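Read the structure below first, then the notes.
The values are calculated or read from the model by the stated rules, or taken from the named source; none is laboratory data. Being a predicted model, the structure only gives us computed values, none of them experimental. Note: ideal-geometry Cβ built from the backbone for every residue, glycine included; neighbour counts use all protein chains shown.
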Ligand SMILES: [Zn+2]
């Protein structure tokens, strides 16, 4: 028996379309859950929690990197920028956001930029220390 995931009508095993509502039955696996490739397609380009987190962390990281670079006296903010960037990047890599399009990719790129900005500011900071104390 092949129960229709839309209307619950019990169709034959060979049925491709539901004889009650006419929808395609093989779009779903027999246990009623969406087939794995469908789940993957759904995640693609959608704003899930991981994408949003890495986008927010990336943007916040970039803002702090920018403050650190441009605002006089706020240079120490590069630490926050770097931390946000690395957290966002970890989130993006852990959830394989770089394999996605749209929000996932945006989160990965923003976090990567924030991390690179944070690293550059760290290097500038270290260089500054060396110049001051040399
Ligand atoms: Zn049906």
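Observations, loosely collected:
- In the range 101-123, the residues that are more than 19 Å from residue 60 (Cβ to Cβ) and either touching a residue at least 12 places away in the same chain (Cβ under 8 Å) or in contact with a strand residue (DSSP E or B) (Cβ under 6 Å, 6 or more places away or on another chain) (or both): 101, 102
- Where helices (runs of 4 or more DSSP H) fall entirely within the range 15-134, those with at least 1 residues that are modelled with pLDDT of 85 or more are at 49-70, 78-94, 103-133.
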